[in-house]
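Enquirer: This structure is in structure tokens; I'll ask about it shortly.
Each value in this text was obtained by applying a stated rule to the coordinates, not by laboratory testing. This is a predicted model, so every value here is computed, not measured. Here the Cβ is made from the backbone with ideal geometry for all residues, glycine too, and neighbour counts use every protein chain on show.
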Amino acid sequence: MSDDSMGRKGRATRSLTSLGKHIFLIFGILLVLLPLYFTVITSFKSKQNYSADKFGFPSPFYTGNIETALRGGRYFVWFKNSAILAVGSVLLSTAVSAMAAFAFARMRFRFRNSMLSIVTALMIVPPVVMLVPLFLLLTTLHMTSTFWGAILVYAGLVTPFSVYLLTNFFKSIPFEIIESALLDGASSWNILLKILLPLSGPALVTMIVVNTLWVWNDLLVALVLLPQDDLRPLMVGITVFGSRYNNDVPVAMMGMLMASIPMLLLYLFGQRYFIQGLVAGAVKG
Amino acid sequence: MLRTNKITPWLFLTPMLLLLIFAFGYPLVSIFNFSFRRIRGATGPFIGFENYRQVFKDDVFRETVGHNLLLLIAVPIMVIISILVAVVLYERLKGWQLYRSILFIPYILAVPIVGVVFSNILQLNGILNEFLRSVGLGRLGLDWIGNPDLTLWSVMGVIIWREVGFGIVLFLARLLSLNEELIDAGKVDGANWWQRLWYVIIPELSTVIEFYVVISIITMLAWVFSYIYTISRGGPGNATQVMELYVYNYAFRNQLPGIASAVAVLLFLVTIILIIPIFRLRSGDELEETR
């Protein structure tokens, strides 16, 4: 098979192989979409409808699962808790990382390169490794079952990525811009706040998207640090919800559908940032 | 570089250092310390390598490590799928951006959501088996998450389903950043599609492939907790017990943080060994940059 564009074998072969490629991709897309399709149709089936017909369209179109799911799970509380954790830790990490990245990118000091390497390496250390001491430490400090404790942990865990991303971005900002500000007598603080950060919009958005996703999607840390019913973030909530409605598949599916809506909406509108952000750690530039 | 006095850089670094010492520094030192102690409450007596001895003696632990190693089979599968899809997308067929957006959706979904959804789809009387029956493949309808021999493979399938989108987008991003003439040169030479893939594209992708392989290996060894916890909780029996769940159970169920810390130390050491190649790549990049 060849899609030789020099035209030796002509158009027919080319469109045939390109048809093959489309079929390959469509097969992949079906594999991705089928579970999602199952989730959506099941969410709108009554229990009887589900047992009678598992993958056809819902008939009748049944919205009762929304009510059952909202009664069985405390979705609004979970959303609120997840939002508090995400906003708190992302803000904290952003502030701390911007300052550090400024120093890494634009200042000279001892151990700079080795410190940056270590911070970068921390990105890959799995959270489960730190979990036991963190739990014992927070217990001693009476900070388990508080948002503050969890926010500190999340902010710490996402900070290596933030520092890495911002340092690279700050390095890419032409030094002449900073130099001219220096001539005007700007302090280091002013350079960071008035020049570097305003120029870093795309990097900041990328960073915020990735870190929010990280905190929003985490299960393990929250399971350990915030077990109480009224402090549970969304992921812990739906995990409990999922096992409670193990025997009522339509309600379980509706619960999952509702839980995934915020991120899907964000993806729909800010897709560019998701894709850019999530590969940012791997591909330079 | 800014000219600053000696203290200014450290003023800017201090908040980060404090936060990282809290979240990484202290815990990483502590797991080593705890792993040599019988912890009750916040600390306990020194017992040497007793925790490690117990862990290595435990049949369940050996089984557990085996499960994590088995999950590594997913890595080459994900690499092959992502390269093939990325290369096909790179040819910019009609609608390639839409294909890319859809293929990336699973990676946007939270793992616990994916886990609960699949735990429902894969039930014995679930949607998948019903679907197989309806297309005449009823004999393939197995007890995906009830049969101990099968459950780990089902979990692996779910992991691949969600994680492969990241590989696709990663490789595609790298391809799009390459010099197009280089890849087109292969066409002029009359190389066919597979030859071009093997001799031109894969060598160009090699650093990213290495990165993706390392990241995926670490994922399979130490970042699958949410899948296991939501799909099978380590069961049936111990059939899908993995190291993270082992740490979690020992620390928070059995109240034996010493044992949990010993396993955490092992996981940490494995991670460190695995990230050395990435480091080598990264520092190579930096050298090129400064030149």
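Enquirer: Taking 7 Å along the Cα-to-C-beta vector as the label spot, tell me the B:Arg3-B:Lys94 distance in nanometres, rounded to one decimal.
Expert: 6.4 nm
Enquirer: So, one more: Based on other C-beta atoms within 10 Å, arrange B:Asp143, A:Asp218, B:Asp59, A:Asp229 from fewest to most.
Expert: Working: B:Asp143 18, A:Asp218 27, B:Asp59 8, A:Asp229 12.
Fewest-to-most ranking of B:Asp143, A:Asp218, B:Asp59, A:Asp229: B:Asp59, A:Asp229, B:Asp143, A:Asp218.
Enquirer: Jot down the radius of gyration and Dmax of segment B:199-266, Cα atoms only, both in angstrom.
Expert: Answer for segment B:199-266, Rg first and Dmax second: 16.5, 54 Å.
Enquirer: Normalising by the residue count of segment B:60-290, find the relative contact order in percent from Cα pairs under 8 Å and 6+ residues apart. Write down the numbers at each step before the final one.
Expert: Details: 229 pairs, mean separation 65.2, N = 231.
Answer for segment B:60-290 is 28 percent.
Enquirer: Please state the relative contact order of segment A:10-67 as a whole percent: Cα pairs under 8 Å, 6+ residues apart?
Expert: Working: 29 pairs, mean separation 15.7, N = 58.
The normalised contact order for segment A:10-67 reaches 27 percent.
Enquirer: Between B:Glu210 and A:Leu193, what is the label-point separation in nm under the 7 Å Cα-to-beta-carbon projection?
Expert: 4.4 nm
Enquirer: I would also like to ask the following. B:Arg37's amide H: which non-local residues (gap 5+, or another chain) put their own amide H closer than 5 Å, with H modeled 1.01 Å from N in plane and none for Pro or chain starts?
Expert: It is B:Ile47, by chain and number.
Enquirer: DSSP loop (so not H, G, I, E, B), at most 15 other Cβ within 10 Å: list which trypsin sites (Lys or Arg not before Pro) in segment A:107-194 pass both filters.
Expert: Numbers: sites: A:Arg108, A:Arg110, A:Arg112, A:Lys171, A:Lys194; in loops: A:Arg108, A:Arg110.
Here the trypsin sites (Lys or Arg not before Pro) that fit, given the DSSP loop and packing criteria, are A:Arg108, A:Arg110.
Enquirer: Between B:Glu180 and B:Thr14, what FRET efficiency comes out of the Förster formula 1/(1 + (r/R0)^6) with R0 = 45 Å and r the beta carbon distance, rounded to 0.05?
Expert: 0.45
Enquirer: Within segment B:251-276, find all residues whose amide N lies under 17 Å from a label point positioned 7 Å from the Cα of B:Thr43 along Cα-to-beta-carbon.
Expert: B:257-258
Enquirer: Suppose R0 equals 51 Å; then what is the FRET efficiency for B:Leu84 and A:Asp229 from their Cβ-Cβ distance, rounded to the nearest 0.05? The partial results should precede the final answer.
Expert: Working: r = 46 Å, r/R0 = 0.90.
According to the calculation, E is roughly 0.65.
Enquirer: Can you give the translational diffusion coefficient of chain B in µm²/s, computed by Stokes-Einstein from the Kirkwood radius over Cα pairs at 4 °C and 1.567 mPa s? All intermediate terms of the calculation are to be shown ahead of the outcome.
Expert: On the way: Rh = 22.4 Å.
The diffusion coefficient I find is 58 µm²/s.
Enquirer: Rounded to the nearest 0.05, what FRET efficiency do B:Tyr199 and A:Phe24 have when you use their Cβ-Cβ distance and R0 = 25 Å?
Expert: Working: r = 21 Å, r/R0 = 0.85.
Step by step, r from the Cβ atoms, then E = 0.70.
Enquirer: Considering the dipole of the protein assembly as shown built from charges on the beta carbon (Lys and Arg +1, Asp and Glu -1) around the Cα centre, which of A:Gln271, B:Tyr250, A:Pro202 is farthest to its positive end?
Expert: Final value for the positive-end residue is A:Pro202.
Enquirer: Given only helices, namely DSSP H runs of n ≥ 4 each adding -39500 (n - 2.57), what is the per-residue ellipticity at 222 nm of chain B, to the nearest 500 deg cm²/dmol? Intermediate results must be reported in sequence, preceding the final value.
Expert: Details: 15 runs with 203 residues, N = 291.
About -22500 deg cm²/dmol.
Enquirer: Now, a different point. Given Cα pairs under 8 Å that are at least 6 residues apart, what percent is the relative contact order of chain A?
Expert: On the way: 261 pairs, mean separation 81.1, N = 285.
So the answer I get is 28 percent.
Enquirer: Compute the separation of the alpha-carbon centres of segment B:41-82 and segment A:239-270 and state it in Å as a whole number.
Expert: 31 Å
Enquirer: Kindly count the pairs of lysines across the protein assembly as shown whose alpha carbons are less than 22 Å apart, treating pairs on different chains or eight or more residues apart as eligible.
Expert: Step by step, the pairs that qualify in the protein assembly as shown add up to 10.
Enquirer: In chain B, which helices (entire DSSP H runs) extend 27 Å or more along their own long axis, judged by Cα positions, while averaging at least -1.0 on the Kyte-Doolittle scale? It would help to have the intermediate numbers written out before the result.
Expert: Numbers: long enough: B:148-176 (43 Å, 1.39); B:202-222 (29 Å, 1.73); B:257-290 (46 Å, 1.28).
Passing helices, by number: B:148-176, B:202-222, B:257-290.
Enquirer: Please report the net charge: other residues with Cβ closer than 14 Å to the Cβ of A:Ser243, K and R +1, D and E -1.
Expert: Numbers: positive: A:Arg232, A:Arg244, B:Arg233; negative: A:Asp248.
Computed value for this residue: +2.
Enquirer: Summing +1 for each Lys or Arg and -1 for each Asp or Glu, what net charge is found among the other residues whose Cβ lies under 12 Å from the Cβ of B:Leu13?
Expert: Numbers: positive: A:Arg110, A:Arg112; negative: none.
Within the 12 Å Cβ shell, the charges total +2.
Enquirer: While we're on this one: Quick one: check the C-alpha center-to-center distance for segment B:103-154 versus segment B:203-280, whole angstrom.
Expert: If we compute the Cα centre of each part, the gap is 23 Å.
Enquirer: Let me ask something additional. Tell me, in nm to one decimal, what length is gained between A:Phe111 and A:Phe55 on full extension, where the rule is 0.36 nm per residue of separation less the Cα-Cα distance? If you can, show how the numbers build up before the last one.
Expert: Details: separation 56, 0.36 × 56 = 20.16 nm, distance 6.01 nm.
Here the answer is 14.2 nm.
Enquirer: Taking the Cα centre as origin and putting +1 on Lys and Arg beta-carbons and -1 on Asp and Glu beta-carbons, what dipole magnitude results for the protein assembly as shown, to the nearest 20 debye?
Expert: Working: 43 positive and 31 negative charges, 63 e Å.
For this selection, approximately 300 debye.
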